[in-house]
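Asks: Before we start, here is the structure in question, set down as structure tokens.
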Amino acid sequence: MTKMEKGFCFIVFLLAAALSFNYSSAYGQKAVSVRVRLILASNEPGFSGASPELNDIAGNLGSLFKYKGYKLLKSSTRSVSPGKPATMSLPYGTKLEISSAGGGKNGRSLSVRWLQTQRGEIVSTQVRLRGRNPVLIGGPSVKDGVLIIALSLR
């Protein structure tokens, strides 16, 4: 084998190793359980404070979104794994799609798409979840206020 052929073989080997590393880091991830909460934030009469089920994130809601009250509309846990997005139908003609974008010691990255029947995609973002720390995503305005999604690892 000539020196040039050896060099070419080495480059092919490095490329194959790099591709297999990327594949294993993206697709070798285990499924993760994600807690999804849909919240209605409103300034309407009768809204004040937060639903008892939101006590763990009430401070975050109040500091990020300036509304009088926060009501939990729906709560669910979904299993999310690479290549297999989790979907969730939500009130007000909306739907959530969550897919894994990798992860490691510093948490899990997720791609999040929030869709509404009349408007199509209303939010498309990537978030990194660490521990049980929630990520809050503001969504569309609805008749009584605005929708917010809270995501956290279970």
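Asks: Could you grab me the full set of residues in region 99-111 that are surrounded by fewer than 12 Cβ atoms within 10 Å (Cβ to Cβ), farther than 22 Å from residue 57 by Cα and of a type outside the set (D, E, K, R)? Give the steps one after another, and end with the answer.
Replies: Step one: of region 99-111, the residues surrounded by fewer than 12 Cβ atoms within 10 Å (Cβ to Cβ) are 104-106.
Those left that are additionally farther than 22 Å from residue 57 by Cα: 104-105.
Listed by number, the list holds a single entry, 104.
Asks: Can residue 52 be described as under 28 Å from residue 30 (Cβ atoms) and out of contact with any Cys (no Cβ under 8 Å at 6 or more places or on another chain)?
Replies: Details: under 28 Å from residue 30 (Cβ atoms): no; out of contact with any Cys (no Cβ under 8 Å at 6 or more places or on another chain): yes.
No, not satisfied.
Asks: Quickly run through region 129-139 and pick out the residues that are on the phi < 0 side of the Ramachandran plot and touching a residue at least 24 places away in the same chain (Cβ under 8 Å). It would help to see each step written out before you state the result.
Replies: If we filter region 129-139 for residues that are on the phi < 0 side of the Ramachandran plot, which is where we start, we get 129-130, 132-139.
129, 130, 134, 136, 137, 138, 139, listed by residue number.
Asks: When region 60-119 is examined, which residues are found to be among the aliphatic types (A, V, I, L, M) and either without any contact (Cβ under 8 Å) to a residue 40 or more places away in the chain or touching a Lys or Arg at 6+ places or on another chain (Cβ under 9 Å) (or both)?
Replies: Taking region 60-119 and keeping what is among the aliphatic types (A, V, I, L, M), we get 61, 64, 72-73, 80, 86, 88, 90, 96, 98, 101, 110, 112, 115.
The answer is 72, 73, 80, 86, 88, 90, 96, 98, 101, 110, 112, 115.
Asks: I've got another one for you. Spot the failing condition for residue 55; the list is (1) under 15 Å from residue 152 (Cα atoms); (2) within 17 Å of the chain's Cα centre (by Cα); (3) of a type outside the set (Lys, Arg), and only one is missed.
Replies: Among (1) under 15 Å from residue 152 (Cα atoms); (2) within 17 Å of the chain's Cα centre (by Cα); (3) of a type outside the set (Lys, Arg), residue 55 violates only (2).
Asks: Can you give me the number of residues within region 112-154 that are over 10 Å from the mean Cα position of the chain (by Cα), small (Gly, Ala, Ser), surrounded by fewer than 18 Cβ atoms within 10 Å (Cβ to Cβ) and part of a strand (DSSP E or B)?
Replies: The qualifying residues number 3.
Readers should treat all values here as calculations from the given coordinates under stated rules, not as data from a laboratory. The structure presented is a predicted model; accordingly, all values stated were derived computationally and were not measured. Cβ coordinates were reconstructed from backbone atoms using ideal geometry, including for glycine residues, and neighbour counts include every protein chain displayed.
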